[in-house]
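**Student:** Pasting a structure here, questions to come.
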Amino acid sequence: MPPTRLDLPDAIPPQILRRLQSYQSVFQSTTSMDAVLRTSGMSELQDDLQTVLLGGVIWGYHCTKEPKSGFFETEGLRLTDLRNHQTQFLRDHGHCFSAQEKQILSDGWERQFHRDRMALEGRNRKVWMCLSRPGWPHDGTERFFEYFGGEAIYWPFVHGQQHASIASKLRAIGSPVVVEVAVPAADLVRFGPIAR
């Protein structure tokens, strides 16, 4: 079976779609999914859809910038290892930064990630992705397309004006892309049900 796009109605199996038809007025009367799910019978529908989706493969969308055209097509994505990612960034792009800026980068990464176990665990050995194709630039993905390197690189330097030169240089590297990845749904670590 081909991967399912969760942002398209055809991701919903016909038998569940038929059951959803009787809830059309509920969907039309609110923009809150929580309100929809409080409707009698809806949580059972969500559970049934969840069971179907977890048995298949879905599309995930990784929002980022690539250093050169076709990079991800040839290199693919890799699980994040913050130290290696930051070291490789300096090796590949360090020439864009002054010695002082490279020290600021290293110090910022140390402070933001390597001294904070939760920040480290939230990124290491993971690839973050959206489960519906993001609409740029208004889906909370703006910074991924604006600054190179992902949060592991840019996060400490793009707030406020104290690192304007670093932010400007991170903005100048690479081109925005959405990397599409087919993933077995059961392998995903999620914040909520896929069916939602």
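**Student:** What's the carbon and sulfur percent of the stretch 1-138's accessible surface, probe 1.4 angstrom, rounded to a whole number? It would help to have the intermediate numbers written out before the result.
**Tutor:** Values: 4730 of 9040 Å².
The C+S portion of the solvent-accessible surface of the stretch 1-138 is 52 percent.
**Student:** Something else: Quick check: with the 1.4 Å probe, what order do ARG171, ARG117 take by accessible area, largest first? Present the calculation step by step, with values, prior to reporting the outcome.
**Tutor:** On the way: ARG171 100, ARG117 175 Å².
Output order, biggest surface exposure first: ARG117, ARG171.
**Student:** Would you work out which of ILE104, HIS93, THR74 lies farthest towards the positive end of the dipole of the stretch 74-135? Charges go on Cβ: Lys and Arg +1, Asp and Glu -1.
**Tutor:** Comparing the listed Cα positions along the dipole, THR74 ranks first.
**Student:** All other residues with a Cβ under 11 Å from the Cβ of ASN124 taken together, and with Lys, Arg as +1 and Asp, Glu as -1, what is their net charge?
**Tutor:** On the way: positive: ARG83, ARG117, ARG123, ARG125, LYS126; negative: ASP81, GLU121.
Summing Lys and Arg as +1 and Asp and Glu as -1 gives +3.
**Student:** Related question: For a protection proxy built on the mean count of beta-carbon atoms within 10 angstrom, sort 142-155, 15-28 highest first, please. Intermediate values should be presented prior to the final figure.
**Tutor:** Numbers: 142-155: 20.3, 15-28: 12.0.
Listed from highest to lowest mean packing, they are 142-155, 15-28.
**Student:** Tell me the per residue accessible area of the stretch 39-196 using a 1.4 Å probe; a whole number in Å² is fine.
**Tutor:** Working: 9130 Å² over 158 residues.
Solvent-accessible surface per residue comes out at 58 Å².
**Student:** I'd like the orientation of helix 42-54 relative to the chain: the angle between its Cα long axis and the longest Cα principal axis, in ° from 0 to 90, rounded to 10.
**Tutor:** For helix 42-54, the angle is close to 60 degrees.
**Student:** Here's another thing I want to ask about it. For the chain, take the longest principal axis of its alpha carbons; what is the angle in degrees between that and the long axis of helix 99-109, to the nearest 10 within 0 to 90?
**Tutor:** Taking Cα atoms only, the helix is inclined about 40 degrees.
**Student:** For the stretch 17-154, give the magnitude of the charge dipole about the Cα centre (Cβ charges: +1 Lys/Arg, -1 Asp/Glu; no others), in debye to the nearest 20.
**Tutor:** Values: 17 positive and 18 negative charges, 31 e Å.
In debye, rounded to 20, the stretch 17-154 gives about 140.
**Student:** Tell me, what is the percent relative contact order of the stretch 63-196, built from C-alpha pairs under 8 Å that lie six or more residues apart? Working shown, then result.
**Tutor:** Numbers: 117 pairs, mean separation 55.6, N = 134.
That works out to 42 percent.
The values are calculated or read from the model by the stated rules, or taken from the named source; none is laboratory data. Note that this is a predicted model, so its numbers are computed, not measured. Glycine gets a Cβ as well: all are built from the backbone with ideal geometry, and neighbour counts include every protein chain shown. Only protein heavy atoms, including side chains, enter the accessible area calculation; ligands, DNA and RNA are left aside. Shrake-Rupley method; radii C 1.70, N 1.55, O 1.52, S 1.80 Å.
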